[in-house]
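Engineer: Okay, handing you the structure first.
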Amino acid sequence: MKFLKTLFGSKPTEETFEIYKDFRIIVEPMREGSKYRLAARIENEVDGEVQTQQVIRADTFDSLEQANEVSLAKAKQVIDEQAKMRVGT
C-alpha cells in the first residue's frame, strides 16, 4: 500500500488552517513525487452558505513545512487582493 501512495503521491493527512479576516484558510500542499506544490483552500460563509476558492500555483518546495508557510502567505495575498477589488468597484 505504501508503494502505491509513493507512486501516485498523496496529500498530507494533517489539516492546517488559520482564520484571516473572517476567512478560513486551509493549507493543502499537494505532494508531487519528492516535492510539494503550493495549494490552499479559502472558505467564507455568506448567508449561511460556505463558499470555497481553491488556490493552486506552479511553485514547488522540498519540504512540507515550507510549502505550508508559502501556501498560507499566498492565500492571505489572494484575500487581500480580492478585498481591494471589491472596494475599488
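The values are calculated or read from the model by the stated rules, or taken from the named source; none is laboratory data. Quick caveat: nothing in here was measured; it's all calculated off a predicted structure. Please note: Cβ atoms are built from the backbone with ideal geometry, for glycine as well, and neighbour counts cover all protein chains shown.
Engineer: I need the full set of residues from region 31-67 which are hydrophobic (A, V, I, L, M, F, W, C) and either exposed (fewer than 15 other Cβ atoms within 10 Å of the Cβ) or over 17 Å from Val78 (Cβ atoms) (or both), in order please. Please lay out each step first, then the result.
Structural biologist: First, pick out the residues of region 31-67 that are hydrophobic (A, V, I, L, M, F, W, C): 38-40, 42, 46, 50, 55-56, 58, 61, 64, 67.
Those that are hydrophobic (A, V, I, L, M, F, W, C) and either exposed (fewer than 15 other Cβ atoms within 10 Å of the Cβ) or over 17 Å from Val78 (Cβ atoms) (or both): Val46, Val50, Ala58, Phe61, Leu64.
Engineer: Which number in (1) under 16 Å from Tyr20 (Cβ atoms); (2) exposed (fewer than 11 other Cβ atoms within 10 Å of the Cβ) marks the one condition that Ser71 misses?
Structural biologist: (2)
Engineer: Looking only at residues in region 5-34 that are polar (S, T, N, Q) and modelled with pLDDT of 60 or more, which one is nearest to Thr60 (Cα to Cα)?
Structural biologist: Keep residues of region 5-34 that are polar (S, T, N, Q), which gives 6, 10, 13, 16, 34.
Pick out the ones that are also modelled with pLDDT of 60 or more and you get 16, 34.
On the way: Thr16: 18, Ser34: 10 Å.
Among those that are polar (S, T, N, Q) and modelled with pLDDT of 60 or more, it is Ser34.
Engineer: Could you look through region 44-68, keep only residues that are of a type in the set (Asp, Glu), farther than 17 Å from Pro29 by Cβ and in a strand (DSSP E or B), and pick out the one that is modelled with the highest pLDDT? It would help to see each step written out before you state the result.
Structural biologist: Of the residues in region 44-68, the ones of a type in the set (Asp, Glu) are 45, 47, 49, 59, 62, 65.
Add one more test, that the residue is farther than 17 Å from Pro29 by Cβ, and what stays is 45, 47, 49.
Now narrow it down to the ones that are in a strand (DSSP E or B): 45, 49.
On the way: Glu45: 89, Glu49: 92.
Of everything passing the filter in region 44-68, Glu49 is modelled with the highest pLDDT.
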